[in-house]
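Notes for the one structure printed next.
Rule-based calculations on the coordinates, nothing more; no lab input. In this text the structure is predicted, and so the values were computed from the model without any measurement. Backbone-built Cβ (ideal geometry, glycine too); neighbour counts: all protein chains shown.
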Amino acid sequence: MSRWGYPLVERSRDLGGGPSVLGIVLAGGEGKRLMPLTADRAKPAVTFGGTYRLVDFVLSNLVNADILRICVLTQYKSHSLDRHITTTWRMSSLLGNYITPVPAQQRLGPRWYLGSADAILQSLNLVHDEQPDYVAVFGADHVYRMDPRQMLGQHIESGAGVTVAGIRVPRSESSSFGVITPGSDGQSVERFLEKPADPPGLADDPERVYASMGNYIFTTKALIEALQRDAEDDRSMHDMGGSILPQLTGRGEAQLYDFGDNHVPGETTRDQGYWRDVGTLDAYYDAHMDLIAERPEFNLFNRSWPVYTHSNQLSPARFNAGGIASESIISSGCLIRGQVTRSVLSPGVVVDPGAVVQGAVLHDNVRIGRGAVVRGAVLDKNVEVPPGATIGVNPDRDGELYTVSQGGVIALGKGQRVS
């Protein structure tokens, strides 16, 4: 028995001849660095690529890999996210499959989640109910394609307690990530450092390190025992990357999975291995710009490994009054009567005659008035730019009126008034 009255999992029921896997998606972060886009919604619910939500990428990866029982742990401003999951991600109840949002429930006392590890600890009833062989714990706010089955196969073969997915990044960026130091065999994890300033480089590439992608596969018994040990440590941050991974690394139970070895059907040589943490306005904006080239760095048109989402019942996009668009993504329900270049438009956007939209990300139902100019900006849903107004033309004025990122991206929140 665990200290919370649950039996430790020793063996799961067989659901079809192979190992059973429960997916847990961590979607409880506030997303402060994405303000004002997260002022009224959780970060995983933020629109991306015109019609998707950020959470759609991880859910699509898990579902495409036949991991069909998934719990999405939420906490902050979760209504928009809950609604999207419940209306979009409906699995076959006949087969016992589901994707369900799970709000913070204070099962262990009157407190909210102290960290990502505490979120799972407080939700262990989900694991005990399902009795899986393995638990895939994935983050909810990254843009990428991945086949988790390949990572699961390595995990099973290694016999590790946990396998963490890592991606090679420049050593100069290490302070933004948890950094994995592999052992001499290339797979065992020798050290796990949380956002180090000057970590050692890789043996075969001294100027690069392995950054943790925030994706883990646990053997269920190892996960439960690690969470219980962590809960008893008053000094712990109760975080998956900052607490659980170092603990299992110290016990010799952690393995590295190289994301560069992962392949999905339909990938191109250009977008294989693509992964972006879109936790800041600059990263969010840059990831959108990756979508629109003739040979995009991330290809949304891969039908062999689709990204699923809810499709609005809107008419096709229209181009009238000489309206044109180039190097752009134009969603359904848009009406283009001005000029759009290098931009991503969500459903229902209207660009009136004489308006110019350049290098912009426009969310649902944004309207750009006659003769207005919008450049280098992210406009959340229902923003209306009056005729003749400008955004991205006068930096001093923009800085006084709107949120401007370190890289110069201008951001307006949902329904924000434009002067």
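Side notes on the structure shown:
- Where Cα atoms sit under 26 Å apart: lysine pairs in the chain separated by 8 or more or lying on different chains: 12
- Residues whose placed amide H lies under 5 Å from that of R191, excluding near-sequence neighbours: T181
- Three semi-axes describe the equivalent ellipsoid of segment 110-212; taken as square roots of 5 times the Cα gyration tensor eigenvalues and ordered largest first, they are 27, 19, 13 Å.
- Table column - 3J(HN,Hα) (Hz), segment 157-172, Karplus curve with 6.51, -1.76, 1.60, x for Gly and Pro: 5, 6, x, 6, x, 8, 10, 10, 7, x, 10, 6, 9, x, 4, 5
- Sorted from greatest to least, the principal axis extents spanned by the alpha carbons of segment 368-414 come out as 29, 21, 16 Å.
- Loop trypsin sites (Lys or Arg not before Pro), segment 263-330 (other Cβ atoms within 10 Å of the site Cβ: 12 or fewer; DSSP): R303
- For segment 370-387, the Karplus equation 6.51 cos²θ - 1.76 cosθ + 1.60, evaluated at θ = phi - 60°, returns couplings of 3, x, 6, 10, 10, 9, x, 9, 10, 10, 6, 4, 6, 6, 10, 9, x, x Hz by residue, with Gly and Pro reported as x.
- When DSSP beta bridges are restricted to pairs lying wholly in segment 292-419, around 5% turn out antiparallel.
- Between the listed residues G201, G153, L362, the Cα displaced farthest toward the positive end of the dipole of the chain, a dipole computed from Cβ unit charges relative to the Cα centre, is found at L362.
- Backbone HN-Hα couplings from phi across segment 198-215 [Karplus 6.51/-1.76/1.60, Hz, Gly and Pro as x]: 8, x, x, x, 6, 4, 9, 7, x, 9, 10, 9, 8, 9, 6, 8, x, 10
- Summing Cβ point charges (Lys, Arg +1; Asp, Glu -1) relative to the Cα centre of segment 285-371 gives a dipole of roughly 320 debye.
- Taking each DSSP H run with n ≥ 4 as -39500 (n - 2.57) and averaging over every residue of the chain yields -5000 deg cm²/dmol at 222 nm.
- Longest exposed-site-free window of the chain, the sites being chymotrypsin sites (Phe, Trp or Tyr not before Pro) in a DSSP loop that have at most 14 other C-beta atoms within 10 Å: 113-300
- Formal net charge of residues neighbouring F48 (Cβ-Cβ distance under 15 Å; K, R +1; D, E -1): -3
- Nitroxide proxy distance, nm - points 7 Å out along Cα→Cβ at F319 and E194: 5.1 nm
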